[in-house]
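The structure appears right after this line, and notes come after that.
The values are calculated or read from the model by the stated rules, or taken from the named source; none is laboratory data. Since this is a predicted model, take the numbers as computed values, not measurements. We place every Cβ from the backbone using ideal geometry, glycine too, and count neighbours over all the protein chains shown.
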Amino acid sequence: MMKKIFFIISILILFLIPLQALQVNKTELEKATINANIVFQNYTGPHAKIDSIDEIRAIGQQFATPINQDITTSNQVGDSNYYQIIHAIDASTNTGLDADILIVGQNATVDHIKNLRRIIGAYLETAYGYSQEDADTLSVFITVYNAVYYKNLNAFLEVYKKVVTENLDENICGLSVNYQDWPGKTQIVIPLSNINGGLSTIETSIISDKQVVQSMQEDPEKQIEVRKDMVDIKEREANNATEEAQAAQKEATKAKEEVSEEKKVLQTTKEEAIEAQDNAEEAKEEAITAQKIAEENPDNLELQKIAQEKQAESENKDEIATTKAQEVEAQEDIVEEKQAIATEKQTEATEKQAIADKKQSEAQDERIEIAEDQLAVIKAKAEAAKIIHTTYGLKMSDTKKMLSTLVLINSDTGLMIKESPVSYIRNRIVLPNGENYTAVVGENSGNGAVKLVTLDKDNMEIIDESDYFIAEDSVLVSDGQSFYAILQDSTDYVLGKFNTDLDLVLKSVVSVLPQSPIIVSENGISVTDANGMIKLLNIKDLSEIQTE
């Protein structure tokens, strides 16, 4: 079995690493970070209102459209109390990067990193023309990058233009890993390399620097798939930059040839100018001599005529010399202009090739790391597959609110194997429901709600939830066939009976305390009513059992 595994691993590595020799390119950004291990804490309970994916993406699309219409001008779009984009552009300087800043306002209700990424991804698609796949990849790296450098203003000052950093607050720049900190305390910085750069609009090297990748490697799956997607983007960036460099080099070569031809013309023009100047000086001397002779023989009309002719000839040749000198100056301007174009094109070609080499080097480096990480993940999964005896337990996620998380434990070693993403199980109660588990889950804050939910046994994720809201302090009881919990009924609380699909079957007429104990017996169900009195309810219809 192990031979097969290592054979697969060997093939995998050969596939991932290009055949040519690879040279590791060390990233240039070596900054101190506040958050090295990024694990986003999302609200994982039920919601009072569930927005569709299209509704969530529409948030990013709505403020991307005005940006796209005038991409070269700074702008602010949206409502700072909810969601806003600051498009910070300064074309007057090349020092530092431009950026977009996504503000999550105090009234925003986004509470899961997936939805925040959907907003960012939809913005990138609409504003800059990225494909959804590429935009989704970039949104992952953008959020991790901003979490790594959360509240680290110096890190942003080193990279961005003043037009960007003057909008940042050292207390909220970047992104907290805790969704509860997002409203009113979030400034997500999206680095712009070239606003007209197509695939290279977003500066991918910045958002995938060493610290960002290292934080991703802390994930159990090491976020291999999205990192491979980023490598693909960088390789396409490298290809595009190479093509642009080749095109610029052709233009530079052509411009150099034109410079060479114009220099030949300049040389010829200079020679003609020198000859014309010599002729003009010679004619001038002859005119001076003729004039002197004419003055010495004022009565000799022939000598007077010769003097006039020589003067006219001198003036003509002087004019020719002046014209030739002007032609030299004009040709020098042409040569200088052509030389500037050639230099510009050569610089462009060099810069484009440097970008291509940088992106390709980064991609090669990251392919090596990904191959190594895949090997580690495969080994870890092989070890996990050996574990036969497991059991479930609860881990406290918030001791003050008495919230818990379902975990899977190796019963042979006592070590935790896996943790549920749902961290809002209330009152430390989780009950079996077939092969799965049911609990009261959630929180009444923002768009959150408290409901009965069922967690699947494998991933321990929510696969079903009740339509009714449950009291935050409700206990959860089962009689083996049904579940009982305190549900909110208008302004009152009543006992609810739910089937295994979490459909409400019955509810009591008697109002109860939200914290009421629930004791199920064959003789009835005891609860505490809203006045603090013990009541016994009929197990068949939840009506009150009273003495006749």
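Listing for the model above:
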read-out	value
Unmet requirement for GLN211, which otherwise passes all of (1) touching a Ser or Thr at 6+ places or on another chain (Cβ under 8 Å); (2) at pLDDT 90 or above; (3) closer than 16 Å to LEU97 by Cα	(3)
Entirely in segment 104-164, the helices (runs of 4 or more DSSP H) that have 1 or more residues that are free of Cβ contacts under 8 Å to residues at least 24 places away in the same chain and in the same structural domain as ILE190 (by TED's automatic domain parsing)	132-148, 153-159
Some residue of segment 70-84 being buried (at least 21 other Cβ atoms within 10 Å of the Cβ) and in the same structural domain as GLU203 (by TED's automatic domain parsing)	yes
Single residue of segment 359-381 satisfying the filter (of a type in the set (A, V, I, L, M, F, W, C) and surrounded by fewer than 14 Cβ atoms within 10 Å (Cβ to Cβ)) that is nearest to the chain's Cα centre (by Cα)	ALA376
Filtered residues of segment 380-394 (kept if more than 15 Å from LEU415 (Cα to Cα) and free of Cβ contacts under 8 Å to residues at least 40 places away in the same chain)	LYS381
Flag if ALA385 is out of contact with any helix residue (DSSP H, G or I) (no Cβ under 9 Å at 6 or more places or on another chain) and modelled with pLDDT under 85	yes
Within segment 462-548, strands (runs of 3 or more DSSP E) holding 1 or more residues that are in contact with a Gly (Cβ under 9 Å, 6 or more places away or on another chain)	462-465, 483-489, 504-511, 534-537
Of all residues making up segment 462-480, the number that are closer than 11 Å to LEU452 by Cβ, among the acidic types (Asp, Glu) and free of Cβ contacts under 8 Å to residues at least 60 places away in the same chain	2
Single unsatisfied condition, THR201 versus (1) modelled with pLDDT of 95 or more; (2) surrounded by 18 or more Cβ atoms within 10 Å (Cβ to Cβ)	(1)
Yes/no for GLN106 being surrounded by fewer than 20 Cβ atoms within 10 Å (Cβ to Cβ) and touching a strand residue (DSSP E or B) at 6+ places or on another chain (Cβ under 7 Å)	no
Residues satisfying the stated conditions in segment 489-546, i.e. buried (at least 17 other Cβ atoms within 10 Å of the Cβ), under 46 Å from the mean Cα position of the chain (by Cα) and at positive phi	LEU502
Residue match in segment 181-193 (condition: within 22 Å of LYS358 (Cβ to Cβ), out of contact with any strand residue (DSSP E or B) (no Cβ under 6 Å at 6 or more places or on another chain) and either surrounded by fewer than 22 Cβ atoms within 10 Å (Cβ to Cβ) or free of Cβ contacts under 8 Å to residues at least 40 places away in the same chain (or both))	yes
Matching option when the condition is outside any helix (DSSP H, G or I) and either of a type in the set (Asp, Glu) or under 30 Å from LYS234 (Cβ atoms) (or both), among ASP278, ASP373, ASP299	ASP299
Scan of segment 145-156 for residues that are of a type outside the set (Lys, Arg) and either surrounded by fewer than 24 Cβ atoms within 10 Å (Cβ to Cβ) or more than 8 Å from the chain's Cα centre (by Cα) (or both), ordered by number	ASN146, ALA147, VAL148, TYR149, TYR150, ASN152, LEU153, ASN154, ALA155, PHE156
Identity of the residue in segment 230-250, crowded, with 17+ Cβ neighbours inside 10 Å and not aliphatic (A, V, I, L, M), that ends up farthest from SER139 (Cα to Cα)	GLN249
Sole exception among (1) modelled with pLDDT of 90 or more; (2) in the same structural domain as GLN214 (by TED's automatic domain parsing) for PHE40, by number	(2)
Yes/no for ALA349 being under 27 Å from the mean Cα position of the chain (by Cα), surrounded by 15 or more Cβ atoms within 10 Å (Cβ to Cβ) and among the small types (Gly, Ala, Ser)	no
Contacts under 6 angstrom Cβ, first residue in segment 529-548 being farther than 19 Å from ASP489 by Cβ and in the same structural domain as ASP479 (by TED's automatic domain parsing), partner of a type in the set (Asp, Glu) and surrounded by 10 or more Cβ atoms within 10 Å (Cβ to Cβ), 6 or more apart	none
Residues of segment 42-54 classified as part of a helix (DSSP H, G or I) and either surrounded by 12 or more Cβ atoms within 10 Å (Cβ to Cβ) or touching a Lys or Arg at 6+ places or on another chain (Cβ under 7 Å) (or both), total	1
Candidates SER397, SER411, SER404, SER423 - the one that is in contact with a Lys or Arg (Cβ under 7 Å, 6 or more places away or on another chain), in the same structural domain as ASP467 (by TED's automatic domain parsing) and either without any contact (Cβ under 8 Å) to a residue 24 or more places away in the chain or closer than 22 Å to ALA471 by Cα (or both)	SER404
Matching residues, segment 48-98, being out of contact with any Ser or Thr (no Cβ under 9 Å at 6 or more places or on another chain) and of a type in the set (Asp, Glu)	ASP54, GLU55, ASP70, ASP79
Sole residue being exposed (fewer than 14 other Cβ atoms within 10 Å of the Cβ), in a strand (DSSP E or B) and not aromatic (Phe, Trp, Tyr), chosen from THR391, THR405	THR391
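Per-residue answers, yes or no, for (1) within 30 Å of LYS228 (Cα to Cα); (2) surrounded by fewer than 17 Cβ atoms within 10 Å (Cβ to Cβ); (3) not hydroxyl-bearing (Ser, Thr, Tyr):
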site: LYS284; (1), (2), (3): no, no, yes
site: ILE288; (1), (2), (3): no, yes, yes
site: PRO298; (1), (2), (3): no, yes, yes
site: LYS305; (1), (2), (3): no, yes, yes
site: LYS310; (1), (2), (3): no, no, yes
site: GLU315; (1), (2), (3): no, yes, yes
site: ALA330; (1), (2), (3): no, yes, yes
site: ALA354; (1), (2), (3): yes, yes, yes
site: ASP357; (1), (2), (3): yes, yes, yes
